[in-house]
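Okay, so here's the structure we're looking at.
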Amino acid sequence: MLPTTISAVNSILKTDASVSTSERKVFVKKLSHDHEPAPTVQGSRIMRRAEVARRLGVGTRAIDNWAKDGVLRKVQFPGRVRSVGFSSEDVDALISGDNVSDATPIEKEVSSNE
């Protein structure tokens, strides 16, 4: 959330007599949680999680785990605050095996089937 929005909400809450100071501080703190937004990608198509899962032939939980492990990099949809997806270039690289470490979940899955 933008700092100006948080400041405006804080000012509004200060004028509301039904909200105590401690409640206001908790509310504003929750709004202004400090987290680093996902990067955006210029010129590359951003795919949603379900689309990536279908393309790779796995479930969405596997996509979440790979994002958490750093196999896939989350990117932010332009103009969105919370909505993230995955770069089509990263997905293509994962499919082709480019820039993928030796211990990726895809290779483990393939080697366990052999």
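Phi-derived couplings, Karplus 6.51 cos²θ - 1.76 cosθ + 1.60 at θ = phi - 60°, listed residue by residue for the range 11-24: 5, 5, 5, 5, 7, 7, 5, 7, 9, 6, 4, 5, 5, 4 Hz, with x used for Gly and Pro. A Förster distance of 30 Å, applied to the separation of the beta-carbon atoms of A50 and L2, puts the FRET efficiency at 0.55.
In this structure the amide hydrogen of V75, modeled in the peptide plane, comes within under 5 Å of the amide hydrogens of G85, F86, S87, none closer than 5 places in sequence on its chain.
For F27 and E89 in the same chain, what is the full-extension length gain: residue separation times 0.36 nm, less their Cα-Cα distance, in nm?
18.4 nm
Where does the charge balance sit around R80 when Lys and Arg score +1, Asp and Glu -1, over other residues with C-beta under 13 Å from its C-beta? Present the calculation step by step, with values, prior to reporting the outcome.
On the way: positive: R48, K74, R82; negative: none.
Once positives and negatives cancel, what remains is +3.
Only the coordinates and a few stated rules stand behind these numbers; no lab work does. Values in this document were obtained by computation on a predicted structure and should not be read as measured data. Counting neighbours? That spans all protein chains shown, and the Cβs are built from the backbone with ideal geometry, glycine included.
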